[in-house]
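Novice: Structure in structure tokens, see below.
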């Protein structure tokens, strides 16, 4: 079990849900708040915001299938399957409603949760990520107005090749990528990098890590289908780092009724690790503004 996120207010467990064994950390009290990490992440990614959020919410932080201390099955890495994992996890823990926040590749999953179960999701967070199915090709194209090409989408999606080239080089790759994901490299310690490498070196860790990318086109189509002919009524919090993914809020124009958002100053892609106080403040304020949905929605 990953003890890096342990504190007196959090306890760790493993639960078998939707056909997969998931590791999850749970702490605090109040409305349920689920935090889903992205690529190269795990529950550990939220370690700096978990204690402060637990003062306001029952904070539920899983390792997604394929990551950390959760199981690494061969398949099931599309957005709807992972959404079903999370929904079954929340229900098993006794929560029929929750605020659901996703970062990086966890953000499309959070959006699908809100789109398919709007009465269960009180508010959804979409943090520093393109909108799969709508604009991903804009950021993966090699062109003059796109100075930072998202090359890893196609690389990670190539079956077997990515894992073959990563194996034995996990430390070097993690060091390179995480340094590129932050505005200040000092915000990621050697211990932080070692925790990511540990997860990748568990049996199936590399295969699981690239799973979201192998199924990314399928996930994008799932989002297109979920939003086709409708405007999502679940309030959405869009956050991006000052030096992270641009235009997170604007990409939802015409797709979501209520979109609120902010650019987190002095942060790259890993906003919760670089500027945890700012991220906590945005999440708490957003959830307070939409707490009325808890009473209005069915239990």
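Novice: Please state the Cα pair-distance histogram of the range 155-279 with 10 angstrom bins from zero: what percent is in each bin?
Specialist: Spelled out per bin, shortest first, that is 12, 29, 34, 22, 3.
Novice: Students often get this wrong, so try it: which of (1) 29, 23, 19; (2) 26, 22, 20; (3) 33, 22, 17 is semi-axes √(5λ) of the Cα gyration tensor in Å as calculated from the structure shown?
Specialist: Step by step, semi-axes √(5λ) of the Cα gyration tensor in Å for this structure corresponds to label (2).
Novice: Compactness ratio of the range 49-128: Cα Rg over 2.2 N^0.38 Å, N = residue count? Could you put the intermediate results ahead of the total?
Specialist: On the way: Rg = 12.4 Å, N = 80, 2.2 N^0.38 = 11.6 Å.
So the Cα radius of gyration is 1.06 times the expected 2.2 N^0.38 Å.
Novice: Spin-label point model (7 Å from Cα, Cβ direction): what's the residue 160 to residue 233 distance in nm?
Specialist: 4.9
Novice: Please report, for the Cα atoms of the range 1-157, the Rg to one decimal and the Dmax as a whole number; what are they, in angstrom?
Specialist: 15.8, 50
Novice: Also, I was wondering about something else. If I take every Cα pair under 8 Å that is 6 or more residues apart in the range 10-296, average their sequence separation and divide by the length, what percent do I get for the relative contact order?
Specialist: Reported relative contact order: 20 percent.
Novice: Next question, about the same structure. Considering only the range 10-296, what is the antiparallel percent among its DSSP beta bridges, to the nearest 5?
Specialist: Values: 13 of 37 bridges.
So the antiparallel bridges in the range 10-296 amount to around 35 percent.
Only the coordinates and a few stated rules stand behind these numbers; no lab work does. None of these values were measured; they are calculated from a predicted model. In this analysis, Cβ positions are derived from the backbone assuming ideal geometry, glycine residues included, and neighbour counts consider all displayed protein chains.
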